[in-house]
Amino acid sequence: MDPELLERITARRGELDELEEQLANQLAEVRAERDELAGAEKVLERMSEQLAEERASAGPAPGQVGGRAVMMIPHRTSGVEETMLPPDYQRILAVVREAAGPVMARQVGEVLGVDVSVRARLEPLRGKLVRLADRSWLRKLPDGRFTTRL
């Protein structure tokens, strides 16, 4: 046998053995990480279920927007009562309900004592009306007026 060829084969076998060892280590690391992720996924599922149960049983919880506490407005469903809404939203619903027909934000503002001559004071009220409509507490008509749901 050719000694040079035998030396090349031995060198290549050594390279392949090193590569095999590196790949085996990487495979072990991948399997360990996969097992950790599977465990984390199970914990996350359990926590998500618990949070969903807690949220369903609790009233609206304050959230954070721009570092300020804000009240979350729940969607109207069979288990959610109007009393779970913040008081200002309850007053808005009462005004719309007591109106003879669909109302504009300006009309609601007048009843609530909002200075409707200043647009900057009327826009937050309009936002609340839209939010109530988005969450099925009110119905927004194409002309911009609001009415109660049937």
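Values computed for the structure shown
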read-out	value
Residue, farthest from the chain's Cα centre (by Cα), within the stretch 124-136, restricted to residues that are open to solvent by 50 Å² or more (accessible area, probe 1.4 Å) and in contact (Cβ under 8 Å) with a residue 12 or more places away in the chain	Arg126
Tally of residues being within 10 Å of Phe146 (Cβ to Cβ) and either open to solvent by less than 20 Å² (accessible area, probe 1.4 Å) or in contact with a strand residue (DSSP E or B) (Cβ under 7 Å, 6 or more places away or on another chain) (or both) across the stretch 96-123	5
Test: Thr77 is modelled with pLDDT under 95, of a type in the set (Ser, Thr, Tyr), closer than 19 Å to Leu129 by Cα and open to solvent by 80 Å² or more (accessible area, probe 1.4 Å)	no
Pairs where the first residue, in the stretch 86-103, is closer than 19 Å to His75 by Cβ and the second is of a type in the set (Ser, Thr, Tyr) and modelled with pLDDT of 90 or more, C-beta under 9 Å, 6+ apart	Val96/Thr147
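The values are calculated or read from the model by the stated rules, or taken from the named source; none is laboratory data. For clarity, every value in this text was computed on a predicted model and none was experimentally measured. We place every Cβ from the backbone using ideal geometry, glycine too, and count neighbours over all the protein chains shown. Heavy atoms of the whole protein, side chains included, go into the accessibility calculation; ligands, DNA and RNA do not. Shrake-Rupley method; radii C 1.70, N 1.55, O 1.52, S 1.80 Å.
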